[in-house]
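Reviewing the structure listed below.
The values are calculated or read from the model by the stated rules, or taken from the named source; none is laboratory data. Quick caveat, the model's predicted, so the values are computed rather than measured. Positions of Cβ are backbone-derived with ideal geometry, glycine not excepted, and every protein chain shown enters the neighbour counts. The accessibility values were calculated without ligands, DNA or RNA, using every heavy atom of the protein model including side chains. Shrake-Rupley method; radii C 1.70, N 1.55, O 1.52, S 1.80 Å.
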Amino acid sequence: MKVTVVGAGAVGASCAEYIAIKNFASEVVVLDIKEGYAEGKAMDLMQTASLNGFDTKITGVTNDYSKTANSDIAVITSGIPRKPGMTREELIGINAGIVKTVSANLVKHSPNVILIVVSNPMDTMTYLVHKTTGLAKNKIIGMGGALDSARFKYRLAEALEAPISDVDGMVIGGHSDTGMVPLTSHATRNSIRVSEFLSADRLEQVAADTKVGGATLTKLLGTSAWYAPGAAVSGLVQAIACDQKKIFPCSTLLEGEYDLNDICIGVPVVLGRNGIEKIVNIPLSDAEKAKMQESAAGVKKTNGLLEL
């Protein structure tokens, strides 16, 4: 199992670290355009192998896509990160060109690769990859919902004063501060709906805090977060590599599902060795359906800024 991570910045390096520590891949290639940067990150990570007990080989390369040949899975984290006050949508002009070039190079050297898109605005970048690479729809996955759901569960556990292992919940919709749809009606604590423990007002606050989870961290850190995004990506990669058939909310191309067409947006999917093996339709309340349609309208507006 060979995995490539494009972008050796904070998110890419964290992603490579978590994949290596889980020890399911034979090789992780980290690629960056900055001379020597990926090589340095790879060497630093390899020097943790004996300490963290993994045998995955981590290789760093400077902009040489031939070294990524025959990758089973590739993760695209490259692009500029958010700065305080920026929306994910404001990154589109620069990141679209980067993602288009990166995805073309990856597919050239690994025609059977499964691509996981992390670069923002993520739903639009995932749509761009669909429109420009020619890969089958099951092989193009946008990572947003897995991260947003982790942040939702963090906020739920905080509100419930419960261990996070007791809590389950999911966020669908667009990966943006206004587009996320935290499914409070489906959230549970040890199979009991959280509405049994929390008031409607408290649940609304949990949802609101979840939606600005990334912006909150950007304000505190001065740049985008990296630990949780890296961990979320590694979870998707492991589900595919190990054929786990796990359900994650991911941005995928919809063709009628959830009454949406020609859009990549977060919905629950089953991930296995073929990438997205099934789109899971779950019942939504009227309010959730309305929020999903509103979210989709926002994503389509951003998509309209692409020069396809």
_Among the residues in segment 242-255, are any assigned to a helix (DSSP H, G or I), open to solvent by 60 Å² or more (accessible area, probe 1.4 Å) and out of contact with any Asp or Glu (no Cβ under 9 Å at 6 or more places or on another chain)?_
no
*Which residues, taken from segment 46-71, are at negative phi, part of a loop (DSSP other than H, G, I, E, B) and either modelled with pLDDT under 95 or open to solvent by 80 Å² or more (accessible area, probe 1.4 Å) (or both)?*
GLN47, ASP55
*asked:* Every residue in segment 275-308 that is loosely packed, with under 13 Cβ neighbours inside 10 Å and of a type in the set (Val, Ile, Thr), please.
replied: VAL280
*When the residues of segment 168-185 are filtered to those that are within 16 Å of ALA215 (Cα to Cα) and among the polar types (S, T, N, Q), which remaining residue is least open to solvent (accessible area, probe 1.4 Å)?*
SER176
*Can you find a residue in segment 144-167 that is touching a residue at least 60 places away in the same chain (Cβ under 8 Å), surrounded by 15 or more Cβ atoms within 10 Å (Cβ to Cβ) and not in a helix (DSSP H, G or I)?*
yes
*State the number of residues belonging to segment 256-274 that are surrounded by fewer than 13 Cβ atoms within 10 Å (Cβ to Cβ) and outside any strand (DSSP E or B).*
2
_Residue check for SER66: of a type outside the set (Asp, Glu) and within 22 Å of the chain's Cα centre (by Cα)_ = no
*With respect to ILE21, determine if the residue is within 21 Å of GLY275 (Cα to Cα) and at pLDDT 95 or above.*
no
_Looking only at segment 168-199, count every residue that is in contact with a Ser or Thr (Cβ under 7 Å, 6 or more places away or on another chain) and free of Cβ contacts under 8 Å to residues at least 24 places away in the same chain and tell me the total._
1
*asked:* Quick check on my filter: what residues within segment 208-231 are surrounded by fewer than 22 Cβ atoms within 10 Å (Cβ to Cβ), out of contact with any Asp or Glu (no Cβ under 9 Å at 6 or more places or on another chain), part of a helix (DSSP H, G or I) and touching a residue at least 40 places away in the same chain (Cβ under 8 Å)?
replied: THR218, LYS219, TYR227, ALA228, ALA231
*Residues SER234, SER185, SER195: which one is within 30 Å of ASP72 (Cα to Cα) and not in a strand (DSSP E or B)?*
SER234
*asked:* Please go through segment 284-308 and give me each residue that is assigned to a helix (DSSP H, G or I) and small (Gly, Ala, Ser), ordered by number.
replied: ALA287, ALA290, SER295, ALA296, ALA297, GLY298
_Of the conditions (1) open to solvent by less than 10 Å² (accessible area, probe 1.4 Å); (2) touching a residue at least 60 places away in the same chain (Cβ under 8 Å); (3) of a type in the set (A, V, I, L, M, F, W, C); (4) in contact with a Phe, Trp or Tyr (Cβ under 6 Å, 6 or more places away or on another chain), CYS15 satisfies every one except a single condition; which number is it?_
(4)
_segment 18-39, residues that are surrounded by fewer than 24 Cβ atoms within 10 Å (Cβ to Cβ) and over 18 Å from PRO229 (Cα atoms)_ = ASN23, PHE24, SER26, GLU27, ILE33, LYS34, GLU35, GLY36, TYR37, GLU39
*Inspect segment 105-126 for any residue being assigned to a helix (DSSP H, G or I), out of contact with any Phe, Trp or Tyr (no Cβ under 6 Å at 6 or more places or on another chain), small (Gly, Ala, Ser) and modelled with pLDDT of 95 or more and give the result as yes or no.*
no
*asked:* For segment 274-293, which positions are out of contact with any strand residue (DSSP E or B) (no Cβ under 7 Å at 6 or more places or on another chain), of a type outside the set (Gly, Ala, Ser) and touching a residue at least 40 places away in the same chain (Cβ under 8 Å)?
replied: ASN274, LEU284
_Going residue by residue through segment 82-92, is there one that turns out to be open to solvent by less than 30 Å² (accessible area, probe 1.4 Å), touching a Phe, Trp or Tyr at 6+ places or on another chain (Cβ under 8 Å), part of a helix (DSSP H, G or I) and of a type outside the set (Gly, Ala, Ser)?_
no
